[in-house]
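Engineer: Starting off with a structure, shown below.
The values are calculated or read from the model by the stated rules, or taken from the named source; none is laboratory data. All figures in this text were calculated on a predicted structure; none of them were measured in a lab. Neighbour counts are summed over all protein chains in view; Cβ atoms, including those assigned to glycine, are modelled from backbone coordinates with ideal geometry.
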Amino acid sequence: MSSVEVKREKGKEPTLRCPECGSPFLKKDYERGELTCLNCGLVLVDKIIDRGPEWRAFTPEEKERRGRVGPPVSSPLTDKDLTTVIEWMGKDASGRRLEPKKMLEVLRWRRWQIRSRVQSSLDRNLQQAAAHLDRISFYVNLPANVREEAINVYRRAVDVGLVRGRSIESIMAASIYAACRKLKVPRTLEEIAQYTKAGRKDVARCYRLLLRHIQLGVPIADAVDFVPRIGAELGLSGMLQRRAIEIISEARKRGITAGKDPAGLAAAAIYIASLQTDERKTQKEIAKAAQVTEVTVRNRYKELIKKLNIPVTL
């Protein structure tokens, strides 16, 4: 092991350089615990401590489930969740039941606390939107960062006046879908809209309205993002998922993916990969995990194997 040369330049951060050849291109290998020069191969340090987590996560849901700490304290509500909330339990701190006179007094406290917390029409609007956000997020299992981004998109929609005269639930559902697209969390519009009263058509209209009036910077949906989620739902191996991603990448190079539903493409690629390995899954199982129809999986499957000349054995 050699000592590391640290070169200091005026007005700049110190740069680590190899003492043998002077190259600044160094690589940290946490598996071996080594700091190696990429130019001459000299091992500069052989006992690096990895200060990151000892676990790995391949999906946003898995990362959130395994993390031991959460994001910074924040809330979609206007008071940032800093207001004291008086819950109605009918008991005191020791668990003893309150007397009738005391119960009425606590109910009066609770009523005035709620009134003081929500005063303006904007506060009441955000309260209703937050209730819809919590309900839809629970059913589609959204990470915390998506919920935060969704309420931020909804706030911007309120600021430009898009919510007036429209359904709060539909605008909130469209904001959730926009947040999922922006953060590349694989959720389809149908999957989100099925938990609203208005349905897919109204949510899609509100989503187009958001795109027209708010600069969201939403990227194009990628079928690759759906592969880990479907694979986790079906318990597929990493090798099969990697093969499915290779099929999608090849299809993108040939221009086959344009205008196609990304979830359907991912499902078809996974079905083809399952036929090429020992982990065989039926079209019905894959379609259910991808939230698409069996007809979509079948049509995309036939198109991929024909245009990519993929040999499969049924």
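Engineer: Confirm whether T257 is crowded, with 17+ Cβ neighbours inside 10 Å and touching an Asp or Glu at 6+ places or on another chain (Cβ under 8 Å).
Structural biologist: So T257 fails the test.
Engineer: Restricting the first residue to the stretch 43-60 and requiring it to be of a type outside the set (D, E) and surrounded by 13 or more Cβ atoms within 10 Å (Cβ to Cβ), which pairs with a second residue that is at pLDDT 75 or above and in a loop (DSSP other than H, G, I, E, B) meet a Cβ separation below 6 Å and a spacing of at least six or different chains?
Structural biologist: Matching pairs, first to second residue: I48/G33; P60/P143; P60/V185.
Engineer: Here is a further query. Looking at I171, I136, which is the one that is farther than 22 Å from R212 by Cβ and either assigned to a helix (DSSP H, G or I) or among the aliphatic types (A, V, I, L, M) (or both)?
Structural biologist: Matching residue, one of I171, I136: I136.
Engineer: Moving on. Name the residues in the stretch 192-250 that are at pLDDT below 85 and β-branched (V, I, T), would you?
Structural biologist: Scanning the stretch 192-250 gives V218, I220.
Engineer: Looking only at residues that are assigned to a loop (DSSP other than H, G, I, E, B) and under 35 Å from the mean Cα position of the chain (by Cα) in the stretch 14-37, which one is nearest to I48 (Cα to Cα)?
Structural biologist: Among them, the one singled out is G33.
Engineer: Go through the stretch 94-122 and give me each residue that's at pLDDT below 80 and surrounded by fewer than 10 Cβ atoms within 10 Å (Cβ to Cβ).
Structural biologist: S94, G95, R115, S116, S120, S121
Engineer: Another question, if that's okay. Of all residues in the stretch 180-214, count the ones that are more than 24 Å from S121 (Cβ to Cβ) and either buried (at least 16 other Cβ atoms within 10 Å of the Cβ) or within 20 Å of the chain's Cα centre (by Cα) (or both).
Structural biologist: So the answer is 20.
Let's see how each residue does on (1) in contact with a Ser or Thr (Cβ under 9 Å, 6 or more places away or on another chain); (2) under 22 Å from Y139 (Cα atoms); (3) not polar (S, T, N, Q):
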{"position": "Y195", "(1), (2), (3)": "no, yes, yes"}
{"position": "D202", "(1), (2), (3)": "yes, yes, yes"}
{"position": "H213", "(1), (2), (3)": "no, no, yes"}
{"position": "L216", "(1), (2), (3)": "no, no, yes"}
{"position": "P219", "(1), (2), (3)": "no, no, yes"}
{"position": "V224", "(1), (2), (3)": "yes, no, yes"}
{"position": "R229", "(1), (2), (3)": "yes, yes, yes"}
{"position": "E233", "(1), (2), (3)": "no, yes, yes"}
